[in-house]
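The values are calculated or read from the model by the stated rules, or taken from the named source; none is laboratory data. No experiment lies behind these values; they were computed from the predicted model shown. Methodologically, a virtual Cβ is constructed for each residue, glycine included, from the backbone with ideal geometry; neighbour enumeration extends over all protein chains shown. For the accessible areas, the whole protein counts, side chains as well, though only heavy atoms, and no ligand, DNA or RNA atoms are used. Shrake-Rupley method; radii C 1.70, N 1.55, O 1.52, S 1.80 Å.
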Amino acid sequence: MAKQTIGQTERQIQRQKQKLTPLQLLIGQMIEKPIDQLTDYVNQQLIDNPALEVKADEDEWDMPQEPDFSMGGDEEKDDDKKNKEKTRESDFDTSDMDNFDDNELPVYELKEYQDPSNPISFYDKLREQVGELSLTDRQKTIMEYLIGSLDNDGLLRKDLYTINDEMAIYQYFDTTVEEIAEVLQYLQQFDPAGIGAQNLQQCLLLQVERRQNGRMKDLLRRIITNYFDDLLKNHWNKLQQTLHLSDEEKEEVRGEVRKLNPKPGAALGEAQGVNIHQVTPDFIIETTDDGQVSFTLNRGRLPDLMVSESYLETIGNLRNLSNRDKEMLPLLRHDINNARMLIDALQQRQVTLIKTMAAIIRKQKKFFLDGDEADLKPMALKDIATDTGLDIATISRVTNEKYAETQWGIFRLRFFFSDRYDNDGDAVSTRKVRSILRDIIDNEDKSHPLTDAQIEEEMRRRGYQTKRRTIVKYREQMNIPKSSLRKQ
């Protein structure tokens, strides 16, 4: 028998790590914030940093000095000329935009945009409820980040480990998954019921738990917990047999299930007389009859910043400072550096958002002209990253929780992205395939609904070599039941 030895060996492994500078981290944080959150953040910085001030002339917003980015025309708009006359090139670094073909890009401008209805978003209503709790400062910081991470339907689809990492990277805030989970439990107590759920099943259960105790509550809890798949597939006959329900009881339970809201965020918007999609858009996209597309980068109420002249004068007048004032120099320099860093980060955000939106419009120009979802081309984050010269992580931050207003409605930027589907060697958007699938089912004979095999034949007849398993996958993604359940 061979003798086994147990020991420890020590090895040195060389790894390369890229350390981000404070400015790079701040730029990432600024890029990720939508305009409303950004404005709140900047206003708070104005309070916290005395070296940061608002420029006296609020009406004058410095534009980056750029050529006219018209799609299909060389004429320059009068407003653009006026803006360019006001531009100070030293205020804005546009060197990284030289890779674009100017004739292919949309024109852009900066202006203040305000929704005339002045809606209160469901995020604001949730923040109002925070004040009703006795939270520590740490818990309030985590709660604010959790609220900002909610999707529009009110669900929290980011896992807590991701949120933990993001708070460390973007907010320099060290916390734990356990601490975040504790605060999330508070958020899940907010109105309407279901807010902050991490999936649909939990969302429905949170609503059931607020009901009065009794048999109906027990039934709903049991169905959602143990038979959730049958519930999603509308298998009520099976549920009736499993739970030994009479016909009347089945219909009563079914009616109570219909009262549950899978999108509590939208419900809160309706309660305020505002649709949840009435958000402040970060971009306003316009089209003309001759096929031009332009966009506005929304400034909102974001103030134009400068470093305090009095602070700069104090630093520049060292000889006349008293000893006490000289002791304050490190603090003064710290405030000035932070002010300059914030201004630089905001300017870089502006450049990055302009480049990203311009690239998206260039890729999806047809959709912006006709509003047909089927015309959206296959487009991934890496495509825009390649087009702009930015990294994928930056594009992800730009497109996260930001909106574009078009003549066809307001859309999240992620709406314009779609996976590729290989149609016999020709790449098409999966959204286009789903659109055709929807059209086939909408126009079928409801007394004899098409089977998945028949849909496959019709797709092939229309020129799409879509396999049956793919049809089943897309049909289920769109919550379309199988043929036997579509029969009327």
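A few points about this structure:
Residue-wise test of (1) among the aromatic types (F, W, Y); (2) in a loop (DSSP other than H, G, I, E, B).
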| position | (1), (2) |
| --- | --- |
| Q129 | no, no |
| L133 | no, yes |
| T141 | no, no |
| Y145 | yes, no |
| N152 | no, yes |
| L155 | no, yes |
| D165 | no, no |
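- Looking only at residues in the stretch 305-348 that are among the basic types (K, R) and either modelled with pLDDT of 95 or more or loosely packed, with under 15 Cβ neighbours inside 10 Å (or both), the one that is nearest to E53 (Cα to Cα) is R333.
- The residues of the stretch 183-204 that are assigned to a helix (DSSP H, G or I) and without any contact (Cβ under 8 Å) to a residue 40 or more places away in the chain, listed by number, are L184, Q185, Q201, Q202.
- Some residue of the stretch 410-429 being aromatic (F, W, Y) and assigned to a strand (DSSP E or B): yes
- Residues in the stretch 351-397 that are open to solvent by less than 10 Å² (accessible area, probe 1.4 Å) and part of a loop (DSSP other than H, G, I, E, B): Q364, L376.
- The condition of being at positive phi and not small (G, A, S) holds for only one of N213, N226, N234, N199, that being N234.
- For A404, the test of being in contact with a helix residue (DSSP H, G or I) (Cβ under 9 Å, 6 or more places away or on another chain), assigned to a strand (DSSP E or B) and open to solvent by less than 90 Å² (accessible area, probe 1.4 Å) is passed.
- Selected residue [closer than 26 Å to K140 by Cβ and open to solvent by 40 Å² or more (accessible area, probe 1.4 Å)] from Q212, Q198, Q241: Q198
- Those residues of the stretch 221-238 which are open to solvent by 30 Å² or more (accessible area, probe 1.4 Å) and closer than 19 Å to N199 by Cα, in sequence order: R221, R222, T225, N226, Y227, F228, D229, L232, K233, N234
- Top-ranked residue of the stretch 256-292 - restricted to ones that are assigned to a helix (DSSP H, G or I) and either among the basic types (K, R) or at pLDDT 85 or above (or both), ranked as surrounded by the fewest Cβ atoms within 10 Å (Cβ to Cβ): R258
- Of the residues making up the stretch 440-453, those that are open to solvent by 40 Å² or more (accessible area, probe 1.4 Å) and in contact (Cβ under 8 Å) with a residue 24 or more places away in the chain are K446, S447, H448, L450, T451.
- Residues of the stretch 153-173 that are touching a Phe, Trp or Tyr at 6+ places or on another chain (Cβ under 8 Å), touching a residue at least 40 places away in the same chain (Cβ under 8 Å) and surrounded by fewer than 19 Cβ atoms within 10 Å (Cβ to Cβ): Q171 alone.
- Test: residue in the stretch 218-225 that is over 30 Å from K487 (Cα atoms) and in a loop (DSSP other than H, G, I, E, B): no
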